[in-house]
Amino acid sequence: MQDAETIERMRIAGGIAARAMAEAASRIAPGVTTDELDRVAHEYLCDHGAYPSTLGYRGFPKSLCSSVNEVICHGIPDSTVLRDGDIVNLDVTAYIGGVHGDTNATYLCGEVDDESRLLVERTRESLNRAIKAVKPGRRINIIGRVIESYAKRFGYGVVRDFTGHGINSSFHSGLIVPHYDSPHHTTEIKPGMTFTIEPMLTLGSYEYDMWDDGWTVVTKDRKRTAQFEHTLVVTDTGAEILTLP
């Protein structure tokens, strides 16, 4: 459980992360490299007194994750050029005041097909529904139950092996927040808990392959995938989003 002063610092970190992500996302367009998006977010974070939590984390080499099309998560920015019709997830975490704020969203690049656009919209909606389900006294697996039941309406896969997590002065505190209906995750939700919810939905299977870089995770069937994430604090009546711009 985090005290009010820690939560206020996390609110500051979360706001900086959200604004850095929005700044990078504003540059998304055909012909732009993912390295350029990384540069923009890095400069924004540093200019506002924050450190990019991913930079150097377990050897990760960049200041954000850029996951395009079939990349589920942890894509490494590089010379990849965005193309018209791509969908692009940006994941930004700011470290400032001794705490982290972690957020991500999936953006459309140019003219995107309806199937991909709907996947993005519905993944955002699955996060919104999960946040509304957070109430003190419920079990943490209510989150995955809500996400999976919604995703199943559309035949989407729900990624299982990459989850939401506890966050505070630690980037990942040990609490696991699955996005599928898991009978094993029964931690009680209590006021003052801080964690992320970050559903990853796919147009096909939730199975994945890992690239040789040890980070980049792609769908095994190479179908597209989308993700959205907020950092939350549990209140007496529900959840407050800490990663708002």
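Values for this structure:
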item	result
Pairwise Lys count, the chain - Cα closer than 24 Å, eight or more residues apart or different chains	6
Kirkwood hydrodynamic radius of the stretch 4-241, from inverse mean 1/r over distinct Cα pairs, in Å	17.7 Å
Total charge dipole magnitude, the stretch 4-241, about the Cα centre, Cβ charges on Lys, Arg, Asp, Glu only, Debye to nearest 20	860 debye
Residue-span extension gain [ASP236 to HIS184] - 0.36 nm each, minus C-alpha spacing	16.2 nm
Distance between the stretch 89-119 and the stretch 35-72 - C-alpha centres, whole angstrom	12 Å
Segments 217-225, 34-42, 94-102 sorted - mean Cβ within 10 Å per residue, highest first	94-102, 34-42, 217-225
Spin-label pair ASP213/SER173, simplified geometry with 7 Å Cα→Cβ offset, distance in nm	3.0 nm
ILE72 long-range amide H proximity, modeled H, under 5 Å	VAL217, VAL218, THR219
Positive-end residue, the stretch 1-119 charge dipole about Cα centroid, Cβ charges, pick of THR33, LEU55, SER79	LEU55
Extension gain (nm, one decimal) between ARG27 and LEU55, 0.36 nm per residue minus Cα-Cα	8.0 nm
Accessible surface, the chain, averaged per residue in Å² (probe 1.4 Å)	42 Å²
Cut-off 20 Å, label 7 Å out along Cα→Cβ of LYS152, residues of the stretch 118-146 by amide N	119, 122-134, 139-146
Under 10 Å, Cβ to Cβ, from TYR208 - net charge with Lys/Arg +1 and Asp/Glu -1	-3
Protein accessible area in the chain, 1.4 Å probe - carbon and sulfur %	49 percent
From phi via Karplus (6.51, -1.76, 1.60), per-residue ³J(HN,Hα) for the stretch 87-97 in Hz, x at Gly/Pro	10, 10, 9, 10, 10, 10, 10, 9, 10, 7, x
Computed accessible area, SER26, all protein chains, 1.4 angstrom probe, square angstrom	80 Å²
Distance in nm between pseudo-label sites at ARG160 and GLU5 (7 Å out along the Cβ direction from Cα)	4.4 nm
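The values are calculated or read from the model by the stated rules, or taken from the named source; none is laboratory data. Please read these numbers as outputs of a predicted model, since none were measured by experiment. Virtual Cβ from ideal backbone geometry, glycine too; neighbours counted across all protein chains shown. Ligands, DNA and RNA are stripped out before the accessible areas are found, and what is left, the full protein with its side chains, is counted by its heavy atoms. Shrake-Rupley method; radii C 1.70, N 1.55, O 1.52, S 1.80 Å.
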